[in-house]
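Peer 1: The structure under discussion is supplied below as structure tokens; questions concerning it will follow.
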């Protein structure tokens, strides 16, 4: 395997929404004569096109993109399933290409491929339902107190303002009788390929202006109609996100159209900030570039390969 690994390079390009990942990755794929894997957890779904800024056939410039329009919104698709599917695909792609590119802004999906997902036990849905009800009625504080008793190790690390993380950890503690932290791997799994990690960012004012422009473009392309057609599926995880949630709430009469547009832009900027926070969790993990530094990026990849 060691010898095999020498000839396989997965170039991972991450960055916030609207930074310019698609354009750069198409240029890189053409340069290295290879294919692109999308690690954007919303572009998988065929029914979601405008609100996910899916690359159009023209933008793809003849480069093969995997995991764009690969699933229907009616199917559940998880980071764990994505990990297995991508590893199987890479096994095929590396037979023809020395370099493959993976890009996206969904940190959890990127990490699943690079390091593997923690093996979590199956939990009775009843446990989840009871915890959700307790959170609704009593808020997060009592749940944090229980987590501190059952799993002090994870309690010390968890984002204590994130109810999803707290509830998830508790359901594993209560459902399995063991601490959540005991199921979490401390280090990633070894992969049979080299990984080259690149982050893209822009000056904040420039990025925010691009986000606003992208939102205006999506609205002009018919985002509102797309969201209306997806309204029956609004409980799906993929639709609990920026670009759809604001229009669903407008359809429910929570606010007027101008306010919906204001929130679309504001929440997209906040989403970009959260993405950057995720990718900066380990400061030296990615080497950062401006998306227009194409020559420098190609040079960096070539240096890592040689």
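Peer 1: Label points 7 Å out from Cα along the Cβ direction at residue 235 and residue 282: separation in nm?
Peer 2: Taking the simple label geometry, residue 235 and residue 282 are separated by 3.7 nm.
Peer 1: Let me ask something additional. Which value, in Å to one decimal place, does the Kirkwood hydrodynamic radius take for segment 52-140 when every pair of different Cα atoms is included?
Peer 2: 16.4 Å
Peer 1: Based only on other Cβ atoms within 10 Å, what is the fewest-to-most ordering of 206, 35?
Peer 2: Placing the least packed residue first, the sequence is 206, 35.
Peer 1: With the convex hull built on the Cα atoms of segment 84-202, state its orientation-averaged projected area in nm².
Peer 2: Dividing the Cα hull surface by four gives the mean projection, 9.8 nm².
Peer 1: While we're on this one: If you take the square roots of the eigenvalues of the alpha-carbon gyration tensor of segment 125-183 and sort them as a ≥ b ≥ c, do you get rounded (a/c under 1.5), prolate (a/b over b/c) or oblate?
Peer 2: In terms of gyration-tensor shape, oblate.
Peer 1: Using 17 Å as the cut-off for backbone N distance, which residues of segment 52-69 belong to the label zone defined by a point 7 Å from the Cα of residue 294 along Cα→Cβ?
Peer 2: 56, 58-64
Peer 1: Please order 173, 25 by the number of other Cβ within 10 Å, starting at the fewest.
Peer 2: By the 10 Å Cβ count, ascending, the order reads 173, 25.
Peer 1: Largest first, please: the extent of the C-alpha atoms of segment 193-306 along each principal axis, to the nearest Å.
Peer 2: 57, 30, 25
Peer 1: Kindly give Rg over Rh for the chain, based on alpha-carbon atoms, with the Kirkwood expression for the hydrodynamic radius.
Peer 2: 0.97
Peer 1: Another one. Report the residue, chosen from 181, 268, 49, that carries the largest GNM mean-square fluctuation when the chain is represented by alpha-carbon nodes joined by springs under 10 Å.
Peer 2: 181
Only the coordinates and a few stated rules stand behind these numbers; no lab work does. Quick caveat: nothing in here was measured; it's all calculated off a predicted structure. Please note: Cβ atoms are built from the backbone with ideal geometry, for glycine as well, and neighbour counts cover all protein chains shown.
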